[in-house]
Amino acid sequence: MKKTFISLLCLIVGAAGCVAPSAQVNTSPARARMSEASESGSAALPTPGQIAQVEEVEEVDPHELMTNGGLDEPAKFAAADYQCKPVPTPIEKDAQQILDEALASCQAAQDYWQKGELDQAIDALDQAYAMLLSIDSDNGGPGVLQAKEDLRFLISKRMLEIYTSRFTAATGNHNAIPLDMNKFVEAEIKLFTGREKNFFIASYQRSGQYRPQIVEALKEAGLPEELSWLPLIESGFKVKALSSARALGMWQFIASTGYKFGLSRDRYVDERMDPEKSTQAAIAYLKELHSMFGDWTTCLAAYNCGEGRVLRVIQRQNVNYLDNFWDLYQMLPRETARYVPRFLAALIIINDPAKYGMDLGVPYPPLEYETVSINKQVHLNHVASAIGVSKETLKELNPELRYQITPEKPYDLKVPPGKSSDLLASIDRISKYAFPQDAYVLHRIRRGETLSTIARKYGTSVSKIKRANSMHSTRIVAGKTLKVPIGRGYSAPAASQPVASTPAEHVVRRGDSLWNIAQRYGSTINDIKEANNLKTTTLSVGQKLTIPGKSQTNASGSRTYVVKRGDTPSTIARKHGMSLKQLLALNGLHMKSTIYPGQKILVK
């Protein structure tokens with residue numbers, strides 16, 4: 001009776017700030033539902049509209065209390081059963097302030113959970129939920145209402161995770177990855193033990209080179225060791241694996257995500273192919289995703305297709321509570337939907353390969369190396385020769401070097417154990433490597449030409465032409481000049497054949513001028529003008545000119561020379577015991593003429 005009276009009395013005088021110390025009332029909706037779930041063994045959470053169940057009490061007539069010494073005899077109850085305290089003036093807060101405080105409480109709950117302090121985590125979620133209930137839905141705009149629903153979903157999801165971690169005795173660790181078995185996982189197991197068996201075994205054996213370091217890094221970060229098998233699904237533990245979406249490396253980062261997590265990329269180095277650095281980036285990304293979604297299956301789905309895609313799928317659902325990966329499965333892209341059961345299938349097979357008839361063999365030994373800091377641009381082939389190891393060994397230890405060339409700045413090069421002193425002793429004798437410069441041709445665009453036809457002519461690609469000319473489209477204009485990089489298969493046309501001593505006839509073409517015609521035939525502008533009675537240097541396409549130039553007959557003993565990369569007219573002339581003037585005259589060239597690798601010229 002006394003307990004009933006105290007409860008009712010607190011309701012009557014609650015506005016005056018009366019608190020009954022002996023009656024501990026749990027007003028937390030989240031904790032009330034957690035206690036109920038704990039007793040029933042169910043992990044179900046309440047719906048947003050539910051409130052805590054109030055224990056049924058005996059009904060009492062308030063009038064009887066008033067006339068039977070209830071409030072006429074305050075000494076019997078007030079002093080012994082409750083204390084009256086002044087009620088502080090409430091500080092009004094707008095909806096956004098309340099939402100911000102609720103979100104902060106959710107983050108605090110996450111921090112407590114990570115530390116294993118489950119009771120404190122639940123308390124923080126209780127506070128956040130109570131704050132949400134205090135927001136008047138009628139006064140909030142659409143943005144506030146949406147944010148309120150999002151937070152309500154987050155709180156219930158966190159509560160479910162904490163409940164699961166408390167009552168799952170099998171792992172006792174909220175970070176563990178649940179090995180669900182369903183028809184989707186069974187389908188992937190069938191693939192791994194059938195059509196993809198060779199891939200699985202090869203990937204497992206290749207894992208030995210990198211997995212020990214990955215496991216150590218995961219332990220330091222406090223993440224599940226099972227994540228060390230993620231590269232088996234991503235890349236088959238191939239450090240240079242490249243997907244159709246341009247994701248690169250063992251952990252399959254696209255360039256933008258790699259940059260976000262500290263992986264640099266330049267002309268010489270792409271750290272997405274660096275096993276150590278890409279592993280640290282993957283750990284940072286996985287930790288961020290886990291803090292965002294809370295469970296590893298959804299986290300892994302987001303790792304595959306991006307957190308934005310998964311969040312959009314979650315937002316489109318009509319269900320506000322108890323979401324997990326299998327709720328999202330059918331709504332995700334097919335590749336992502338397969339990704340998680342594929343990973344779970346790999347873990348299940350690796351845990352018990354004999355059960356699935358798999359002989360995985362022995363993993364490769366871990367890569368061992370020493371690191372040497374060098375400040376010189378060198379090619380790995382030259383380094384390998386200097387320290388007495390194979391080129392393949394150095395390439396395997398330094399896969400992040402895009403062209404097997406160290407950058408033009410200090411760089412930590414990996415070498416086999418015991419070879420660091422050899423490298424330091426011989427580094428001065430190793431020649432500095434210089435990137436070969438690309439050869440270009442200046443091409444005047446003719447009517448009807450396209451970038452494709454020009455690229456085929458010079459043995460190059462459209463993308464290289466666009467890049468060389470800073471072009472953003474394939475549109476070209478006749479008469480303009482393009483800088484065209486020469487491909488390896490390009491063979492420049494031979495120098496113009498010398499003309500006979502008798503006058504020659506030349507038909508003017510687009511782009512011709514008296515100057516380049518004179519240079520071609522070894523004549524002069526004045527001689528051509530005089531031979532054709534020209535008063536100006538203006539020419540018209542199709543016009544026929546008589547060329548009186550000097551005889552350019554191929555002299556006895558002349559032969560053809562194919563220009564090599566790095567050649568100049570001067571070096572060619574010296575090589576063949578000719579003067580530069582003789583070489584130029586023999587080939588109809590002048591001092592400003594450009595020659596290209598593959599071009600054929602006449603020498604004596």
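The values are calculated or read from the model by the stated rules, or taken from the named source; none is laboratory data. Model, not experiment: these values are computed from the prediction. As a convention, Cβ positions derive from the backbone with ideal geometry for all residues, glycine included, and neighbour counts pool all protein chains shown. To get the accessible areas, we keep the full protein, side chains included, count just its heavy atoms, and leave off ligands, DNA and RNA. Shrake-Rupley method; radii C 1.70, N 1.55, O 1.52, S 1.80 Å.
What are the pairs with Cβ atoms under 8 angstrom where one residue, in region 334-346, is within 16 Å of W251 (Cα to Cα) and at pLDDT 95 or above and the other, located anywhere, is open to solvent by 40 Å² or more (accessible area, probe 1.4 Å) and among the hydrophobic types (A, V, I, L, M, F, W, C)? Sequence gap at least six, or different chains.
So the pair list comes out empty.
Can you name every residue in region 209-259 that is touching a residue at least 60 places away in the same chain (Cβ under 8 Å) and of a type in the set (S, T, Y)?
Y210
Looking at L367, L347, L332, L328, which is the one that is over 23 Å from P178 (Cα atoms) and open to solvent by less than 50 Å² (accessible area, probe 1.4 Å)?
L367
Only one of L151, L65, L71, L145 is assigned to a helix (DSSP H, G or I) and at pLDDT below 75. Can you tell me which?
Of the residues listed, the single one that is assigned to a helix (DSSP H, G or I) and at pLDDT below 75 is L65.
Could you pull out every one of the helices (runs of 4 or more DSSP H) wholly within region 254-363 that has 3 or more residues that are among the charged types (D, E, K, R)?
Once the helices (runs of 4 or more DSSP H) in region 254-363 are filtered for at least 3 residues that are among the charged types (D, E, K, R), what remains is 275-293, 307-315, 334-351.
I'm trying to understand the selection: among the residues of region 561-593, which are within 51 Å of the chain's Cα centre (by Cα), more than 13 Å from R520 (Cα to Cα) and in contact (Cβ under 8 Å) with a residue 24 or more places away in the chain?
Within region 561-593, Y561, V562, V563, K564, R565, D567, T568, P569, I572 qualify.
Check whether at least one residue in region 543-553 is of a type outside the set (D, E, K, R), surrounded by fewer than 16 Cβ atoms within 10 Å (Cβ to Cβ), at pLDDT 85 or above and part of a loop (DSSP other than H, G, I, E, B), and report yes or no.
Yes, some residue in region 543-553 is of a type outside the set (D, E, K, R), surrounded by fewer than 16 Cβ atoms within 10 Å (Cβ to Cβ), at pLDDT 85 or above and part of a loop (DSSP other than H, G, I, E, B).
At pLDDT below 95, surrounded by fewer than 16 Cβ atoms within 10 Å (Cβ to Cβ) and not acidic (D, E): which single residue out of A121, A187 fits that description?
On inspection, the qualifying residue turns out to be A187.
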